[in-house]
Amino acid sequence: MTKLFSLRGKIQNYAWGGTQFIPNLLGIEPDNKKYAEYWLGAHNNAPSVLITKEGEKPLNTFLNLDLKNTLGNRIADKFGRLPFLFKVLDVNDMLSIQVHPTKAEAIKGFKRENELGIPLNAPNRNYKDDNHKPEIMVALSEFWLLHGFLTKEKLAKVLDEVPEFHALRSVFKSEGYFGLYKTVMEQTQEEANKMLGPLADRILPLYESGKLSKSSPDYWAAKTVAPANDVSVLDKGIYSIYFFNIVKANKGEAVFQDAGIPHAYLEGQNMELMANSDNVLRGGLTPKHVDVAELLKHVVFEATVPNIMQGELQSDGLERIYKSPASDFELSQIVLNATSNYKAETKTAQILIVIEGEATIAEGTTSLAIKKGDSVILLANSRYQISSTSYAALYKATAP
């Protein structure tokens, strides 16, 4: 039985996406759409398409026909589905502030909303499925993100240095992270405008004259306000820009986001690998539904010191694995030149995408020529090798 197949992902045209990166990667002609994400996986909302001799098949349908053979016994028994979702992202405008629930909370929340009869596609739905959504990203360019709360010292300094936030100093001192965040998220629009309006008036001229650096929260706060048609409604997500760590990841560097860590992608391109879920609780910078009470239940209210990972280069000198605590997935980068030959065996399914260059991948009697933008899937218990006549950089998703 063939264990190597070409795979075609699904493009997601969200408003925050760019216009060039994903079309350039996939070799398609861009039109006037925003190309935000390219999904590779078996999520029921947007399954990838498997290309077989008998024609094209949705990946979820194909895997479900024989989970034990396609995913291997252990992963089939543990997860009952492909446990990960692999994505390419092009972030042109900021994503919403968000946090992901734990597995136990996702099961409860999904069941509760089903019992309330809230349709899965309803805009006020919090839980799209019954799974958690830890995620890891590796930067494909300089990449900026918000990631967890600042340390107490740094956050106190921000509240001291931003004149518009002076009234919040006593709240943070007496009620800590939870009290501070709850206070600003529960403000009426009028209260938020009163505090954020003068801030916007002060930083916008600096932003428009190019005087702000991307390492400053003023830059990102101004960037959210600058294109707004209606500055009488200021987004409470702006507070998070000042309260969270602003992190810059260089190309090839990774950041892991666990359940409860509030975060938002700000700008750049990345590979993202996550549990097979679409569960997001939002905290602003978005026109989408923000359920403040539900959000407050799931945020981890403590300092986060960002861990920027370089990955571990394996003994073959070709593969760099970005290890994380998640049992659902493992992300790695494979870089080949004209003399290298990458060999591997799979215990479960693996998805690979070529980000640069071209290569040949062979498994048994099947051999595929793959170039920039091409993806393949290998099923459980396969042995394969990848070689290039020049250069190739690939990313690989699997479950450990």
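Give me the angle, in degrees from 0 to 90, between the Cα long axis of helix 169-185 and the longest principal axis of the Cα atoms of the chain, rounded to the nearest 10.
60
Between THR102 and GLU345, with labels modelled 7 Å along Cα→Cβ, what's the label distance in nm to one decimal, could you check?
3.7
Could you work out how far apart the two model spin labels at ASN44 and VAL292 are, taking each label as a point 7 Å from the Cα in the direction of the beta carbon, and quote it in nm?
Simple spin-label model gives 3.3 nm for this pair.
Which trypsin sites (Lys or Arg not before Pro) in the range 26-75 pass both tests, a DSSP loop state and at most 14 other beta-carbon atoms within 10 Å?
Within the range 26-75, the qualifying trypsin sites (Lys or Arg not before Pro) (loop, at most 14 other Cβ atoms within 10 Å) are LYS33, LYS53.
Full extension from LYS10 to ASN69: what is 0.36 nm times the residue separation minus their Cα-Cα distance, to one decimal in nm?
Computed gain between LYS10 and ASN69 is 18.8 nm.
Give the relative contact order (percent, whole number) for the chain; include only Cα pairs under 8 Å separated by 6+ residues.
Normalised by residue count, the contact order of the chain is 22 percent.
Could you tell me the number of lysine pairs in the range 147-247 with C-alpha atoms less than 12 Å from each other, where the two lysines are 8 or more residues apart or belong to different chains?
5
Compute the orientation-averaged projected area for the range 147-247 from the convex hull of its Cα atoms and round it to one decimal in nm².
6.1
Whole-Hz ³J(HN,Hα) for each residue in the range 15-28, computed from phi via Karplus 6.51 cos²θ - 1.76 cosθ + 1.60 with θ = phi - 60°, x for glycine and proline: what do you get?
My calculation for the range 15-28 gives 4, 7, x, x, 10, 10, 4, 5, x, 5, 4, 8, x, 10 Hz in order.
For the residues SER387, SER170, SER375, what sequence is obtained by ranking on other C-beta atoms within 10 Å, fewest first?
Arranged by neighbour count, lowest to highest, SER387, SER170, SER375 become SER170, SER387, SER375.
Could you calculate, for the chain, the ratio of the Cα radius of gyration to the Kirkwood radius, expressed as Rg to Rh?
0.99
Quick check for the range 269-400: number of Lys pairs with alpha-carbon distance under 15 Å, counting only pairs 8 or more apart or on different chains?
Going through the range 269-400 pair by pair, I get 5.
For the range 147-247, calculate the relative contact order in percent as a whole number, restricting contacts to Cα pairs under 8 Å that are 6 or more residues apart.
Dividing the mean separation by the residue count of the range 147-247 yields 37 percent.
Pull up the cross-link candidates among the aspartates and glutamates for LYS108, meaning alpha carbon to alpha carbon under 17 Å and not fewer than 8 places away within one chain.
The qualifying aspartates and glutamates are ASP129, ASP130, ASP278, ASP291, GLU294.
Report P(r) for the range 1-137: all Cα-Cα distances, bin width 10 Å, range 0 to the bin holding the largest distance, values in whole percent.
11, 31, 36, 21, 2
Provide the three semi-axes, in whole Å and in decreasing order, of the ellipsoid equivalent to the range 312-398 as defined by the square roots of 5 times the Cα gyration tensor eigenvalues.
Working from the Cα gyration tensor, I get semi-axes of 19, 15, 12 Å.
Bear in mind these aren't lab numbers, they're just calculated from the coordinates by the rules spelled out. Remember, it's a predicted structure, so these values are computed and weren't measured experimentally. Here the Cβ is made from the backbone with ideal geometry for all residues, glycine too, and neighbour counts use every protein chain on show.
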